[in-house]
Each structure stands twice: as C-alpha cells, then as structure tokens.
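What follows is a single structure, written as structure tokens, with notes after it.
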Amino acid sequence: MWFLGAGASRTSGMPTATDILWDLKRRYYCIQENQKLNDHDVDKRDVKARIQSYLDGKGFPAAFSSEEYSFYFDLIFGNDRSAQQTYIFDQLAPDKITLSIGQRVLAAFLASEQSKVIFTTNFDDVVETAFSKVALEALTAFHLDGSYAALDALNSDRFPLYAKLHGDFRYKNIKNIAADLRRNDEEIQKCFLAASTRFGMIVSGYSGRDANVMKMFHAAIEQNNAFPQGLLWTTTQRAEVSQNVINLLDDARKNGILAHVVDAGTFDVLLLKLWRLTPEKDPTVEQRVQSGKSQSVHIDLKPPGNKYPILRTNALPITSWPTNCGKILTELPVTFTDIIEKRKVSKNVLLTFTGDILFWGEAKDAENAFSPEKPIKTEEYKFEDAIRVIGNSGIIKSFFEEALATSLCQNRPLLLRRNHRTWNAVVDHRSVNDPIFKSLKAAVGYQGKAGTISGAVSGSGKAHWSECVSMRLEEKNGALWLLLRPDIWISPRIERENSIAFLRQKKLYRRNIPSFELLNAWIEILLGSGAIGSAGEVEVSYLPNAGYTPRFRITTRTAFSAQG
C-alpha cells in the first residue's frame with residue numbers, strides 16, 4: 001500500500017500546503033497595502049522577502065512555524081467556513097489537474113490490484129481522476145464524512161481502498177485547518193492500523209512533519225506483525241528527510257520491521273521505474289498509462305541555403321563517440337548518493353549510476369573506488385544507440401558530457417570547472433604565458449596589442465578572473481554537437497554575483513568580429529592549431545591507454561546557417 005503527501009500531486013498541477021500558505025500571505029499583504037495581487041509573484045525571492053518582512057513586523061508567526069497554516073486561514077476567512085471551502089475548491093479544482101506519468105502508473109497498479117490501499121493527506125482529486133482515465137471506473141474515496149465505512153471495506157477485501165486522512169475539501173468537516181488538526185478521524189485511523197498489519201507501505205511525497213500523522217505511524221509499528229513487507233520512505237534528497245522520519249524508522253527497525261529511507265527520485269521517476277519493471281502489462285492499460293508517449297514524426301527540413309546573411313553558430317559536429325564503457329558489479333548495494341561521494345575522491349575514473357554502476361577508465365581504479373562495497377567483477381557495457389540514449393537520459397548525457405569535457409581539457413593548461421551542471425574550460429592563471437593562448441590574447445586585445453586573459457577583479461580584494469569557455473553536449477536531429485560559449489570565470493564562484501559590473505564592462509564589446517575571433521581561439525586551444533575552418537576531424541579522448549576509454553571525433557568547422 002501507499003501513503004501519499006503533497007509531493008505526489010504537485011507535478012499534476014496541485015499546490016502544496018506551502019504554496020497555499022504563500023498565496024494567503026500574499027492576499028493579506030495586498031489587501032492591507034492596497035496592492036494588485038498579480039503584481040506580487042511569490043515565486044520570486046525578493047517578493048517573498050518583502051511580504052515576510054511585512055508580516056514579521058506585524059508580530060505574526062515566524063516563517064516555517066507550525067502555527068502559520070492555521071493562523072493565516074483564520075486571518076483571511078475567520079469563521080466563514082463557506083468562503084474557506086470555496087477558496088480551497090478553487091485552488092484544487094479538478095480542471096487544473098494535469099495527470100503526470102506517476103499518477104497514471106499508480107492508477108494502473110490499483111486497477112490490477114498490485115497496489116490495494118492508498119492513504120493520503122491530500123485534498124485533491126488527482127488519484128480519482130487518474131483512476132477514471134486508466135481503469136475507466138470510478139474510485140470511491142473514504143473521507144471524514146464516510147470514514148466509518150473504510151474499515152469495513154478493508155475487512156471485506158473491497159479493493160482498491162482509497163482513504164483521505166484529513167478529509168475531502170468539499171465537505172464541511174474539513175480537518176487540516178485551524179483547531180481541527182488536533183486529532184485525525186478515529187475511523188480512518190482504525191483502518192490504517194488494521195491495514196498496517198496486512199501490507200507493507202511505500203511513503204512518497206510526504207515530509208513527516210504532521211505530528212498527528214506521525215503519532216499514527218508510531219502506533220502502527222507497535223502492533224504485532226506491523227508492515228510485514230516493510231516500511232519504505234522514499235525521498236529525492238536524503239539530506240532533507242526530517243528527524244521525525246528518521247526516529248520513526250529507527251523505532252520500526254528495533255521492532256523487527258524492514259524500514260529504510262530510499263533514494264528514489266521524484267514520485268514520477270519512482271513510479272515510471274516500477275512500471276518499466278512490471279512484466280506482462282495489459283496493452284490497453286499500457287496505452288492509457290503512456291498517453292503522453294512521444295511518437296516518431298517526420299518533418300522535412302528546408303534545403304541548404306545560399307543567400308546572405310550567413311550566420312555562424314557555436315556548434316561543432318561530433319562525428320564519432322564512445323559505444324561502450326565499463327560496468328562494475330558489487331556485492332553490497334550502491335546508491336546514487338554513494339556515486340556522488342566517490343566521484344569527489346576517485347582519480348582516473350569517471351562514474352555514473354543508472355541502476356548499474358558505469359565507468360570510464362581502468363577497471364582496477366573503479367574496483368578500488370568500490371572496495372567497501374566488495375566488487376565482484378567488471379565487464380563491458382554497450383550503448384546500443386548512444387544518440388537515442390543521450391537524447392532520452394539526462395544521466396547518460398551528463399556521463400558523456402563529462403567525458404567529452406575532460407577529454408578536451410586533458411594535457412592542456414586549463415582547469416576543468418563545473419557550474420550549474422555545465423562544464424567550463426578555464427585558463428590556468430599559472431600558465432598564462434603558454435604559447436597555446438596566443439590567439440586568445442589576440443582576440444581580447446585592442447588595436448593589435450595582446451590582451452590579458454587572467455587577473456584580479458578590479459575593486460575586489462577576493463575575486464580572481466580568467467577567460468573560459470563552457471562546453472555542452474547536445475543531441476539535435478539525430479546528431480551530436482559540441483556547443484562552445486566563451487565566457488569569463490570568477491573565482492571563488494560565490495564572488496560572481498558581486499562582480500556583475502566588472503563582467504558587464506569586460507564583455508561589453510564582445511560582439512560580431514570579437515565574438516567570432518574568441519570562438520576561433522577556443523577551437524584552436526581545444527582542438528589544436530591550424531584546425532580553424534579546415535573541416536577536418538580531431539580525435540580527443542580521456543586516458544587513451546585505459547581499459548575503457550571514451551573517444552570523440554569532432555569536426556573543426558562550426559555549423560552555419562544561410563537563407564534559402
């Protein structure tokens with residue numbers, strides 16, 4: 001069975017409690033200050049800060065305190081439950097629901113009784129809507145006004161069973177607002193406790209910060225034979241799991257329950273993985289689940305043009321790429337978090353995790369990195385269609401992109417740096433006199449005089465700058481491209497926001513011809529002198545003598561565009 005929080009509905013267009021809270025704060029601020037509601041976007045940090053500062057000045061509950069939710073509902077609506085109800089109905093209206101893949105998969109599991117029971121703290125109709133689309137049947141939700149029947153349905157094996165712990169928003173006895181939060185519905189709790197002795201549970205999209213719900217979980221784990229198939233609490237980031245959840249799972253393990261935090265990604269990612277692993281799926285149900293699945297189409301491109309203007313792009317064609325890498329099998333399980341930590345300390349090996357541990361480099365170096373997990377063996381892993389995989393998988397794309405960037409910078413006086421998932425080749429300030437930078441100095445120079453390519457940021461005693469180029473791997477129209485974008489690197493990175501004026505002045509005249517020459521210079525630095533415009537190919541690789549070496553062949557002439 002499943003326990004769903006607001007995170008499971010957010011990708012379907014439903015707001016979380018935090019979203020609703022900020023909307024209430026915004027409404028109060030605009031009413032009091034006679035402001036237009038649409039002029040205050042609470043997704044912007046400065047708008048949030050301004051509103052919160054105003055509310056703090058009023059002596060209202062501190063941000064993130066447990067009193068906020070009830071306080072602002074009472075502040076806006078008072079005892080007018082009808083207005084309160086209308087507001088929530090509008091926020092969670094069914095016509096705002098856009099079914100995500102996760103919700104459709106869950107509906108398919110319910111329809112086939114692979115999942116029998118769902119409990120949720122959500123008010124919305126997302127699960128019911130998904131079930132009606134996938135199973136072509138109605139799903140009855142047990143809420144507060146019908147809670148007495150939930151336990152009877154469980155005892156009679158009338159599945160699927162869907163129960164809302166805090167009640168359905170369409171009913172007057174709404175329970176997650178104001179003083180009603182003091183206790184959950186007793187009948188729904190009885191059903192939850194009874195179900196917890198029959199089924200395991202997966203928790204998704206729920207923070208565990210509701211004291212009443214967590215009290216119910218604690219009562220469940222104290223029963224005999226509680227969660228016989230385990231209690232698995234899924235998360236996108238282990239660091240964000242609350243102490244309440246950690247304490248619950250610790251107590252559950254003491255009672256002999258299989259209880260763990262599972263790094264499973266988002267609700268949609270988790271459900272899609274489970275669906276892919278499900279054998280013998282009903283084709284008609286599969287079609288309803290994958291209703292948004294892409295289909296191949298053919299759109300004829302215009303023939304190459306021969307008229308001005310001719311536009312030079314910053315994209316270099318990649319003509320060949322790796323078709324295999326190494327794969328390591330370990331005795332003990334490995335998570336993506338483990339991979340992240342090992343990437344920080346492992347040398348001469350590039351790592352990623354797709355469910356399999358993949359690497360480039362020497363097998364012995366990969367095995368050494370995973371010595372605590374007891375490596376069993378390494379073997380070859382083949383990419384059957386690398387272009388398609390790169391286009392469909394962000395993880396594999398990042399794996400190839402890191403290999404490409406590392407190959408381009410290897411054995412050159414460059415520092416490989418990453419910022420916001422983008423790799424950058426940065427001029428090493430210790431090597432500014434290397435002849436390889438001659439064309440770069442000319443490109444940033446003035447009236448034939450060589451320019452500087454590294455130095456201290458004027459007006460700052462902390463920041464240092466160097467010329468750099470970002471390197472991205474892109475898949476377009478069934479081909480791979482290397483995108484180069486000249487830029488300036490600020491070190492340390494935290495000083496970049498304080499160097500905006502410096503950067504603006506530094507890049508003020510980098511248009512047209514200077515931009516053209518900068519791109520030429522970086523192609524020459526990365527791919528060799530004499531490469532510009534030759535339309536020849538250069539091979540780059542990381543650790544060329546290693547057992548699993550990523551090799552790329554890159555055309556040195558950029559793509560152009562001309563009018564027909």
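The values are calculated or read from the model by the stated rules, or taken from the named source; none is laboratory data. For clarity, every value in this text was computed on a predicted model and none was experimentally measured. No Cβ is skipped: glycine too gets one built from the backbone with ideal geometry, and neighbour counts run over all protein chains shown. Surface accessibility is based on the protein's heavy atoms, side chains included, excluding ligands, DNA and RNA. Shrake-Rupley method; radii C 1.70, N 1.55, O 1.52, S 1.80 Å.
I'm told K441 meets every condition in (1) closer than 30 Å to A386 by Cα; (2) modelled with pLDDT of 95 or more; (3) of a type outside the set (V, I, T) except one. Can you identify the failing condition by its number?
Only one criterion in (1) closer than 30 Å to A386 by Cα; (2) modelled with pLDDT of 95 or more; (3) of a type outside the set (V, I, T) is unmet by K441, namely (1).
Being part of a strand (DSSP E or B) and in contact (Cβ under 8 Å) with a residue 24 or more places away in the chain is the filter; apply it to the stretch 345-355 and report the residue that is farthest from A239 (Cα to Cα).
L350
Could you please tell me which pairs satisfy a Cβ distance under 9 Å, a separation of 6+ or placement on different chains, a first residue in the stretch 8-22 that is acidic (D, E), and a second residue that is open to solvent by 20 Å² or more (accessible area, probe 1.4 Å) and not in a loop (DSSP other than H, G, I, E, B)?
Listed pairs, sorted by first residue: D19/R10; D19/Q91.
Out of all the residues in the stretch 435-449, which are in contact (Cβ under 8 Å) with a residue 40 or more places away in the chain and either part of a loop (DSSP other than H, G, I, E, B) or loosely packed, with under 12 Cβ neighbours inside 10 Å (or both)?
V444
Name every residue in the stretch 450-508 that is in a loop (DSSP other than H, G, I, E, B) and either touching a residue at least 40 places away in the same chain (Cβ under 8 Å) or basic (K, R) (or both), in order of residue number.
Selection gives V457, S458, G459, S460, K462, N477, G478, R496, K507.
Give the residues of the stretch 305-344 that are in a helix (DSSP H, G or I) and either touching an Asp or Glu at 6+ places or on another chain (Cβ under 8 Å) or farther than 15 Å from I395 by Cβ (or both), sorted by residue number.
Scanning the stretch 305-344 gives F336, T337, D338, E341, K342, K344.
Listed here are the residues, each with its yes/no results for (1) closer than 24 Å to G528 by Cα; (2) open to solvent by less than 60 Å² (accessible area, probe 1.4 Å).
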| residue | (1), (2) |
| --- | --- |
| S398 | no, yes |
| S407 | yes, yes |
| V427 | yes, yes |
| N433 | yes, no |
| G451 | yes, yes |
| S458 | no, no |
| S466 | yes, yes |
| A479 | yes, yes |
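Within the stretch 37-64, can you find the residues that are open to solvent by less than 30 Å² (accessible area, probe 1.4 Å), closer than 25 Å to S9 by Cβ and not β-branched (V, I, T)?
Answer for the stretch 37-64, where residues must be open to solvent by less than 30 Å² (accessible area, probe 1.4 Å), closer than 25 Å to S9 by Cβ and not β-branched (V, I, T): just H40.
Filter the stretch 75-93 for residues that are part of a helix (DSSP H, G or I) and within 20 Å of N122 (Cα to Cα) and give the result.
Hits for the stretch 75-93 are R81, S82, A83, Q84, Q85, T86, Y87, I88, F89, D90, Q91.
Assess whether E286 counts as being assigned to a helix (DSSP H, G or I) and closer than 30 Å to S541 by Cα.
For E286, the condition - assigned to a helix (DSSP H, G or I) and closer than 30 Å to S541 by Cα - is not met.
Tally up the residues in the stretch 249-273 that are open to solvent by 60 Å² or more (accessible area, probe 1.4 Å), under 28 Å from the mean Cα position of the chain (by Cα) and either modelled with pLDDT of 95 or more or closer than 12 Å to E222 by Cα (or both), please.
So the count comes out to 2.
Check the stretch 507-518 and report whether any residue there is under 25 Å from the mean Cα position of the chain (by Cα), among the aliphatic types (A, V, I, L, M) and open to solvent by less than 20 Å² (accessible area, probe 1.4 Å).
No: zero hits.
Could you go through the stretch 384-395 and let me know if any residue there is open to solvent by 20 Å² or more (accessible area, probe 1.4 Å), hydrophobic (A, V, I, L, M, F, W, C) and touching a Gly at 6+ places or on another chain (Cβ under 7 Å).
Yes, because at least one residue in the stretch 384-395 is open to solvent by 20 Å² or more (accessible area, probe 1.4 Å), hydrophobic (A, V, I, L, M, F, W, C) and touching a Gly at 6+ places or on another chain (Cβ under 7 Å).
When the stretch 416-434 is examined, which residues are found to be more than 20 Å from E475 (Cα to Cα) and either touching a residue at least 40 places away in the same chain (Cβ under 8 Å) or outside any strand (DSSP E or B) (or both)?
The answer is R417, N419, A425, V426, V427, D428, H429, R430, S431, V432, N433, D434.
Specify the residue that is modelled with the lowest pLDDT; the eligible residues are those in the stretch 533-564 that are in a loop (DSSP other than H, G, I, E, B), over 30 Å from E367 (Cβ atoms) and open to solvent by less than 60 Å² (accessible area, probe 1.4 Å).
It comes out as G533.
Can you find a residue that is assigned to a loop (DSSP other than H, G, I, E, B) and within 27 Å of A107 (Cβ to Cβ) anywhere in the stretch 248-255?
no
Please go through the stretch 468-477 and give me each residue that is open to solvent by 10 Å² or more (accessible area, probe 1.4 Å), closer than 20 Å to D385 by Cα and out of contact with any Gly (no Cβ under 8 Å at 6 or more places or on another chain), ordered by number.
If the condition is that a residue be open to solvent by 10 Å² or more (accessible area, probe 1.4 Å), closer than 20 Å to D385 by Cα and out of contact with any Gly (no Cβ under 8 Å at 6 or more places or on another chain), then R472, E474, K476, N477 are the ones that fit.
Quick test for you: out of G461, G478, pick the one residue that is at pLDDT below 90 and closer than 21 Å to R312 by Cα.
Checking each option against the conditions leaves just G478.
Can you name the residue in the stretch 67-87 that is out of contact with any helix residue (DSSP H, G or I) (no Cβ under 8 Å at 6 or more places or on another chain) and closer than 16 Å to T18 by Cβ and, of all such residues, is surrounded by the fewest Cβ atoms within 10 Å (Cβ to Cβ)?
E67
Which condition number does N244 fail, the rest of (1) at pLDDT 95 or above; (2) under 24 Å from T266 (Cα atoms); (3) open to solvent by 10 Å² or more (accessible area, probe 1.4 Å); (4) in a helix (DSSP H, G or I) being met?
So N244 meets the others, but not (1).
For the subset of the stretch 274-285 comprising residues that are β-branched (V, I, T) and open to solvent by less than 50 Å² (accessible area, probe 1.4 Å), which member is farthest from A135 (Cα to Cα)?
Ranking the qualifying residues of the stretch 274-285, first place goes to T278.
For (1) over 24 Å from the mean Cα position of the chain (by Cα); (2) free of Cβ contacts under 8 Å to residues at least 12 places away in the same chain; (3) farther than 11 Å from S12 by Cβ, each residue gets a yes or a no:
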site: F71; (1), (2), (3): yes, yes, yes
site: F77; (1), (2), (3): yes, yes, yes
site: I88; (1), (2), (3): yes, no, yes
site: V105; (1), (2), (3): no, no, yes
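Considering E380, E402, E367, which residue is in contact (Cβ under 8 Å) with a residue 60 or more places away in the chain and more than 26 Å from A456 (Cα to Cα)?
E380
Looking at the stretch 16-36, which of its residues are part of a loop (DSSP other than H, G, I, E, B) and open to solvent by 30 Å² or more (accessible area, probe 1.4 Å)?
Passing the criteria: N34, Q35, K36.
Out of the residues in the stretch 311-333 that are of a type in the set (A, V, I, L, M) and over 27 Å from the mean Cα position of the chain (by Cα), state the one that is surrounded by the most Cβ atoms within 10 Å (Cβ to Cβ).
Looking at the filtered set, the residue picked out is L316.
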